[in-house]
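The values are calculated or read from the model by the stated rules, or taken from the named source; none is laboratory data. Since the model is a prediction, treat every value here as computed from it, not as a measurement. Ideal geometry is used to build each Cβ from the backbone, glycine not excepted, and the neighbour counts take in all protein chains shown. Note: accessible area is taken over every heavy atom of the protein model, side chains too, but ligands, DNA and RNA are not part of it. Shrake-Rupley method; radii C 1.70, N 1.55, O 1.52, S 1.80 Å.
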Amino acid sequence: MKALKIIAIIMVALLLTMLLMMGYLFMTAEVTVEVVSSSGTNAGQQAEDFATLQASMDTNTFMGTIFQKPEQWKSAEDYVYLRFDVKLRNGCLVPIDMIEVQVVPQPTDILQLADHQVHSAEPKQETTVSAMILAPKDTHPVREIIVSYYVWGVSFQVKTLSGQ
């Protein structure tokens with residue numbers, strides 16, 4: 001009888017320990033956006049890339065997201081490439097798959113270039129994902145950023161602002 005009592009106490013202690021561990025894992029399992037930085041490059045510095053981009057837009061072969069198609073293209077010096085770098089911290093104990101960064105455009109933004117690389121984040125690790133848009137050169141770099149990712153096939157989103 002005494003042995004059964006000792007085994008029952010050990011089992012209850014083990015159950016409480018497991019519940020505390022599960023509670024800890026549940027409370028710390030989150031994905032956070034740690035840093036959002038933005039930088040701009042004048043499209044005139046990459047005139048060949050801009051001409052290729054312009055031709056792909058005109059022939060409807062562009063790979064990416066088109067916000068609006070200019071009726072009349074200006075010179076490359078009148079546009080800027082805005083790059084947004086998002087640093088994610090995976091606080092979960094499972095990997096994050098298929099991380100994608102989407103920029104919510106301003107009314108004057110032209111397009112977002114496609115990112116053909118598959119991004120993921122290992123458990124308890126950080127990763128940086130980027131997005132690049134083409135906008136008029138007189139635009140400001142503050143945009144809403146939407147980060148989409150999958151955990152075990154379930155889609156999640158985190159929203160933040162650049163330039164804060």
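What to note about this one:
- Test: residue in segment 40-49 that is outside any loop (DSSP other than H, G, I, E, B) and surrounded by fewer than 10 Cβ atoms within 10 Å (Cβ to Cβ): yes
- Of everything listed in (1) open to solvent by less than 70 Å² (accessible area, probe 1.4 Å); (2) touching a strand residue (DSSP E or B) at 6+ places or on another chain (Cβ under 8 Å); (3) modelled with pLDDT under 90, the single unmet condition for Ala29 is (2).
- Scanning segment 1-39 for residues that are under 23 Å from Val154 (Cα atoms) and part of a strand (DSSP E or B) yields Val31, Thr32, Val33, Glu34.
- Candidates Met22, Met1: the one that is open to solvent by 90 Å² or more (accessible area, probe 1.4 Å), under 30 Å from Ile99 (Cα atoms) and not acidic (Asp, Glu) is Met22.
- Pairs with Cβ under 9 Å, 6+ apart, first in segment 41-60 and on the phi > 0 side of the Ramachandran plot, second surrounded by 13 or more Cβ atoms within 10 Å (Cβ to Cβ) and of a type in the set (Phe, Trp, Tyr): none
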